[in-house]
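The values are calculated or read from the model by the stated rules, or taken from the named source; none is laboratory data. Since the structure is predicted, the reported quantities are computational estimates derived from the model, not experimental observations. Neighbour counts are summed over all protein chains in view; Cβ atoms, including those assigned to glycine, are modelled from backbone coordinates with ideal geometry.
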Amino acid sequence: MASWFGRNTEIRIDDCDGKGACTGACPFAESMDFAPHQLMRLLQIGDDSCVLRSNAAWICTDCMACNAACPSKVDVGGVFAHLRRISIQEDATLPPDVEMVRLLHDAFVEELKGYGRVNDVHVAMAYKARSLDFTDLGLAFQLFSRGRLRPFAARKTRGFREWFASIEEEGG
Ligand code: SF4
């Protein structure tokens, strides 16, 4: 098993028999550089050179169709979520298109930590500030003029940041 994978997780990847039911069920497997069953195999044999640079964990949408299909009850979706956490902790280098997904993920999580809820406009602005991609600003103005964007601050949910910090401390 990849040396870092067992950190802060109890997911049992050795139960995976590699038959690929997860890949058959995954609606996004074709867009991944490694399909779910291939990624599980790479983790089992400890080939960590490419796993953290893979786009797969960042394309995964947590739909959990893989978990529902797995006859061995392996938490494949949990593996992908764990890979995203490790990738952030290790500051892994990602392909440019996947890096954009990660920046959006970071903006979303920061908003959630700050308010306990998500305002789309805040997330979009934080993402733009991180990515410096302003190519679709015209679309934002169109949406705003039609009243589809509400840039006002969400009311904070008290104690959410502390709760989030306690989860992170526990390795979540
Ligand atoms: S949770 Fe991720 S890996 Fe599993 S089926 Fe959904 S998109 Fe695919």
request  = Take region 95-126 and flag every residue that is within 17 Å of residue 61 (Cβ to Cβ) and at pLDDT below 85.
outcome  = 97
message = Please list, ordered by residue number, the helices (runs of 4 or more DSSP H) wholly in region 43-102 having 1 or more residues that are within 14 Å of the ligand (Cβ to nearest atom) and touching a Cys at 6+ places or on another chain (Cβ under 6 Å).
response = 65-69, 76-89
query = Looking at residue 123, is it in contact with a helix residue (DSSP H, G or I) (Cβ under 7 Å, 6 or more places away or on another chain), in a helix (DSSP H, G or I), in contact (Cβ under 8 Å) with a residue 12 or more places away in the chain and crowded, with 16+ Cβ neighbours inside 10 Å?
reply = yes
request  = Report, ordered by the first and then the second residue, all pairs with beta carbons closer than 7 Å, sequence separation of six or more or different chains, a first member in region 53-73 that is acidic (Asp, Glu), and a second member that is more than 7 Å from the ligand (Cβ to nearest atom).
outcome  = 62/81
